[in-house]
Every structure is written in C-alpha cells, then in structure tokens.
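The structure under discussion appears below in the form of structure tokens.
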Amino acid sequence: SRAADELIERARWRQTSPDMLKRLSRAGRDALGEEPDLAVKLLHGRCAVVEVEDVRGGEALAKHMLDTKATPDEAACRALGFTFLRTTTLVVNRAVPPRQVTVKALFLDRETAAVAAAFDAEGRTAFHRAVTAAKRYVSAARDAVQGAQYCEGIRYDRRHNAHKQDLGRDAYHTFCHRDEKWRRDATYKRDVVELLFKVCELERIFVPRLGRMRALFRDAMGLVPLSRTLEDYISAPMLVMSESFGCEVHVDKSADKFAESIAWVRGTRRHPWHFIVACAGVAFELHEAAPCFLTLQASCTAHATLRTPGHENHPSK
C-alpha cells in the first residue's frame, strides 16, 4: 500500500553513536553516511509493514520476558496475542522519538529472489554439510534450551572486560576446536566461508548501511575477516550455525556494535518453527517461509527462536 511504502521510505535503523563514529576515519564516516538504511526500491510493493502501536505495552512485555528468562513455545505466544507472519515484513516503531520511524527488524521470505538464489538446492546442501562437520570439529555453545549452536571465527571475551573498558584486540579470540582435523577439511572451510558470504551479501543488498558498518568497524578494531579471499565489504569475522535450536528471550549485548543477521534453511522435516520479536508481538513462521532471512539490532530488541515441544530435531538455522 502507499502508506506502507511511505513508512519504508522514512524508516531508519538506530543511528550509530558519536562515540562509536569517532573510531572511524573521516573517509569511513563519509562512506557510512552515503549508504541507505534500506533497499527501498526492492521493498516497495512487496513488503508488509508492522507498526508497533502500543509501544509501552510492547516494551513491558519484552522486559517481562527478559526478566523471567522466558522460553515460550508457539502456544504461549498465541495465548499472549502474538501475530504470526510468513511473508516479507518490516517491523517499525514510530513513537520513539516522535515522528521518527525506527526499524526493529526486516524479515525476507523465500519469494525474495536474492534469498532463493542464495539458498537454492546446492546452497541448502552446503549448509547442512557444514553443520554436520561442525558437530565434529566445534564444541557446542551452552546457552540453548533446545538444540545446539556451533561458532566459527572471532569472539569477544567478556571475561576480559569486567570493568566495561575497551581493551581492543586483546579482548578478541578465535573460537576453539575440539578436533584439529578441521584444518585439513577443505570442503568444510569452503562451506563456512560461502555461507558467511551469502549472509553478508544479503545485508549488502537490503540493509546497505548496516552491512558497510560491520566492515568499517571491524577494520577499525583491527579484526581480520573470516576469509581474505572475499571482498572486505561483504566479509565478517564470525559465523554461528545451529541445529534444532530454541532459546530464551534475550538481547545480545555483545552485538551492540553490529546488527544480527540470520538465515534459516529448512531440513527434510516440516515441524513448527518460529522466531519472535517480543516488543512487536510478532512471530515469524519459519517452517512456512524458509529459506528466509532476518536482520535486527539484537542489542536493543528482545527476540528468541521458540522451542518446539515434542520436535527437538526441527530444522537448522
């Protein structure tokens, strides 16, 4: 609709703080300022817009879920009145500050040409092959209530930053491997790099400023990309793969410098599978939309992948 297209044109992601911008060179700041927040022309006419109307109520619900470390399922979210969606959608908040349209999340379904091309049959096979190999090589993260996550690349070590000081490169380390055979597994390394490339390419196409910001700040911090074989603009230092995953409602404080981008690829079984943006009361039906993609500013937007009772082996993310 015309109203939705107008909101898309006005929508902006949370702006980078002046303190953060000081880390960049003048050329970097200029480059960041030239990038649009959204690919407006690609979203016009095919992107629904969900506007958070009860901002205080939505934030209160999100805070309650955070405070109680909620691990809801589909039934719980339906009881709370969540809206369930499966098509390309922009979630915005127009109340803070007044007249400004702030993006909370952008969701792209499988009808989006770039998403379908990135995760075609060959791309889906490569993803599942990478996850299978990661189970052998990488220790699973421990913060899941269902399933597991496997991380590759560079991590921020919060234990070295107890006083909230910026320790530069000393605070960053690579994820550990439990099996050194990964070093000789050329297929695994290629699959990981290509998956990262695809996610960053979707950022570059649909949220250009956030994609450029990731590369500029990574370079300013002295972090190398996961692969130097890729153009720096679309490479990043970390990739998280998961399978049968469900988690509590949370925000990612370690993601305050970058957006969080997620691609979901469905497996062979079609179990219920949802991702929620708590403050908007929105749940995305991943099992209907996959392969699909989402970007949100995870440090200030409460979110979760819902657990699926009775189907602990639902598809991968």
Check your understanding: Could we say that ALA144 is surrounded by 13 or more Cβ atoms within 10 Å (Cβ to Cβ), modelled with pLDDT under 85 and not in a loop (DSSP other than H, G, I, E, B) here?
Key -> no
Review point. How many residues does the range 45-79 contain that are of a type in the set (A, V, I, L, M, F, W, C), in contact (Cβ under 8 Å) with a residue 40 or more places away in the chain and closer than 29 Å to GLU111 by Cα?
Key: 6
Check your understanding: What pairs come up if the first residue lies in the range 267-278 and is over 27 Å from VAL251 (Cα atoms), the second is modelled with pLDDT of 85 or more, and their beta carbons are under 7 Å apart, counting only those six or more places apart or on different chains?
Key -> ARG270/HIS287
Revision key, fill the gap. Here the residues within the range 61-87 that are open to solvent by 80 Å² or more (accessible area, probe 1.4 Å), part of a loop (DSSP other than H, G, I, E, B) and small (Gly, Ala, Ser) are none
**Study point:** Unique residue being touching a Lys or Arg at 6+ places or on another chain (Cβ under 9 Å), of a type in the set (Ser, Thr, Tyr), at pLDDT below 75 and surrounded by fewer than 17 Cβ atoms within 10 Å (Cβ to Cβ) when the list is SER235, SER254
**Key:** SER254
Check your understanding: Out of the range 215-232, which residues are basic (Lys, Arg) and at pLDDT below 60?
Key -> ARG228
Study note, to complete from the structure: All conditions in (1) over 20 Å from PRO272 (Cβ atoms); (2) out of contact with any strand residue (DSSP E or B) (no Cβ under 9 Å at 6 or more places or on another chain); (3) modelled with pLDDT of 70 or more are true of GLY81 except (1)
Point to revise | Among (1) farther than 20 Å from ALA39 by Cβ; (2) free of Cβ contacts under 8 Å to residues at least 24 places away in the same chain - the single one ARG129 does not satisfy | key: (2)
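Yes/no per residue for (1) modelled with pLDDT under 80; (2) in contact with a His (Cβ under 8 Å, 6 or more places away or on another chain); (3) among the β-branched types (Val, Ile, Thr):
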position	(1), (2), (3)
HIS250	no, yes, no
TRP264	no, no, no
THR268	yes, no, yes
HIS271	yes, yes, no
ALA280	no, no, no
GLU288	no, no, no
GLN297	no, no, no
THR305	no, yes, yes
Review point. Somewhere in the range 4-15, is a residue assigned to a helix (DSSP H, G or I), more than 17 Å from THR102 (Cβ to Cβ), open to solvent by less than 70 Å² (accessible area, probe 1.4 Å) and out of contact with any helix residue (DSSP H, G or I) (no Cβ under 6 Å at 6 or more places or on another chain)?
Key: yes
**Study point:** Pick from the range 49-60, criterion within 21 Å of the chain's Cα centre (by Cα) and open to solvent by less than 50 Å² (accessible area, probe 1.4 Å), ranking: farthest from ALA4 (Cα to Cα)
**Key:** GLY58
Review point. VAL91: under 27 Å from VAL249 (Cβ atoms) and of a type outside the set (D, E, K, R), yes or no?
Key: yes
Exercise for review: Name the single residue, out of those in the range 17-44 being open to solvent by less than 40 Å² (accessible area, probe 1.4 Å), part of a helix (DSSP H, G or I) and in contact with a Leu (Cβ under 9 Å, 6 or more places away or on another chain), that is nearest to LEU108 (Cα to Cα).
Suggested key: LEU43
Revision key, fill the gap. Checked VAL101, VAL92 against criteria (touching a Lys or Arg at 6+ places or on another chain (Cβ under 6 Å), open to solvent by less than 20 Å² (accessible area, probe 1.4 Å) and of a type outside the set (Asp, Glu)); the one match is VAL101
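The values are calculated or read from the model by the stated rules, or taken from the named source; none is laboratory data. Every value quoted in this text rests on a predicted model; they were computed, and no experiment measured them. So basically every Cβ, Gly included, is an ideal-geometry build from the backbone, and we count neighbours across all protein chains shown. Ligands, DNA and RNA are excluded from the accessible area calculation, which covers all protein heavy atoms including side chains. Shrake-Rupley method; radii C 1.70, N 1.55, O 1.52, S 1.80 Å.
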